[in-house]
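Where a number appears in this text, it was derived from the coordinates with a stated rule and is not lab data. Fair warning: this is a prediction, and the values are worked out from it, not measured in the lab. Neighbour counts are summed over all protein chains in view; Cβ atoms, including those assigned to glycine, are modelled from backbone coordinates with ideal geometry.
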Amino acid sequence: MKTPLQNLDRIVGSGLRWFCILSFLALMGVLSGVVFIRFWPIAKLSWSDEVIELLMAWIVFIGAAALWRENAHFRIEAILRVVEKLKFGWILGVAVETLSALFILLFTYFSYDLTIAAGDVSPILSLPRPLWYAVMPISGAIMVAYSFAYGVQMSRQTFVRGKPVAAAFKALDDGPGSCGDEKGTA
């Protein structure tokens, strides 16, 4: 039986994935329209640049949050695999996760400031410019939450189960929703 947090994780993951898919399809539609209009100038798409910028910003940052959630972001696996075999290698895993979470926390804070400070509007559609920047603190908050989940999971697997060497790295591979297996032996 899944816990409410596992259900929430599944819903968030599905929402992030579908948002990226639908945004990408919309971006592809607008870009196809721009190409079509260049060959057959039947209308003006002066608004397309703003929509493309907006969609790209949201795809990039929501996509980054989706990758963060699945722990599929870029990392150098070879170094982690060498370090995990060391007696206190798990400390490096915890340190890397802590520094990553700190970076994401600072990113979220300063991107929120940027979003609040943006007061202008887009020149053609007159949309508020904070729409372009709001995705940064939103995706940052999602990533901070998952960093916290990874930290809790790494702590549980490291200190509760008493397998400090490889357990912290296994927590990175398993993702936040795997604090226990399907049989409930967490």
Seminar exercise, completed: Quick calc, residue 28 & residue 71: beta-carbon distance into FRET formula, R0 35 Å, rounding 0.05, result 0.80
For this session: Give me the number: length gained by fully extending residue 2 to residue 85, i.e. 0.36 nm times residue separation minus the C-alpha to C-alpha distance, one decimal in nm.
Result: 26.7 nm
Exercise. For residue 121, which sequence-distant residues (separation of 5 or more, or a different chain) have an amide H within less than 5 Å of its own amide H, given hydrogens modelled in the peptide plane?
Worked result: 129
Problem set entry | Environment charge of residue 144, counting only residues whose C-beta is closer than 13 Å and scoring Lys/Arg +1, Asp/Glu -1 | 0
